[in-house]
1. Only one of (1) farther than 14 Å from residue 12 by Cα; (2) among the hydrophobic types (A, V, I, L, M, F, W, C); (3) under 20 Å from the mean Cα position of the chain (by Cα); (4) open to solvent by 100 Å² or more (accessible area, probe 1.4 Å) is not met by residue 86, so which one is it?
2. Take segment 26-69 and flag every residue that is of a type outside the set (A, V, I, L, M) and part of a loop (DSSP other than H, G, I, E, B).
3. Report yes if some residue within segment 14-27 is within 13 Å of the chain's Cα centre (by Cα), of a type in the set (Val, Ile, Thr) and open to solvent by less than 70 Å² (accessible area, probe 1.4 Å); otherwise report no.
Amino acid sequence: MSVLYSGGLWSITLIIGVLMGYNWALNGPRWAYKALLGLGVAVIIISQLLPAAHPFRINVAEGLVWWFWAIVIAIPVLAYAKLVRWLRRKAEARHDP
């Protein structure tokens, strides 16, 4: 619970996830999912406009650094997987009658 009390990306993700769960359970409109996702992104962006020493800004920024490096590592892996899939389709198409 201390992670949630200190704020950051985990608390934003949990709150948006709970709201999306309520929307699903209560058969809410489909546009509400996009609206909630937009709200979460807006909260993350606005949190970076807080003063530099604010604890919420610091916690969100630390989470963003982690996600930045995860995406940097994932991009070449996903590009290689897409290349292999494309080459396999080309090879299968060549051998089909």
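The values are calculated or read from the model by the stated rules, or taken from the named source; none is laboratory data. Owing to the predicted nature of the structure, the values given are computational and were not obtained by experimental measurement. The area values use the complete protein model at the heavy-atom level, side chains included, leaving out ligands, DNA and RNA. Shrake-Rupley method; radii C 1.70, N 1.55, O 1.52, S 1.80 Å.
1. (3)
2. Pass one, segment 26-69, residues of a type outside the set (A, V, I, L, M): 27-31, 33-34, 38, 40, 47-48, 51, 54-57, 59, 62-63, 66-69.
27, 28, 29, 30, 48, 51, 54, listed by residue number.
3. So in segment 14-27, the residues within 13 Å of the chain's Cα centre (by Cα) come out as 14, 16-17.
Add one more test, that the residue is of a type in the set (Val, Ile, Thr), and what stays is 16.
Applying the additional criterion that residues be open to solvent by less than 70 Å² (accessible area, probe 1.4 Å) yields 16.
Checking segment 14-27: at least one residue is within 13 Å of the chain's Cα centre (by Cα), of a type in the set (Val, Ile, Thr) and open to solvent by less than 70 Å² (accessible area, probe 1.4 Å).
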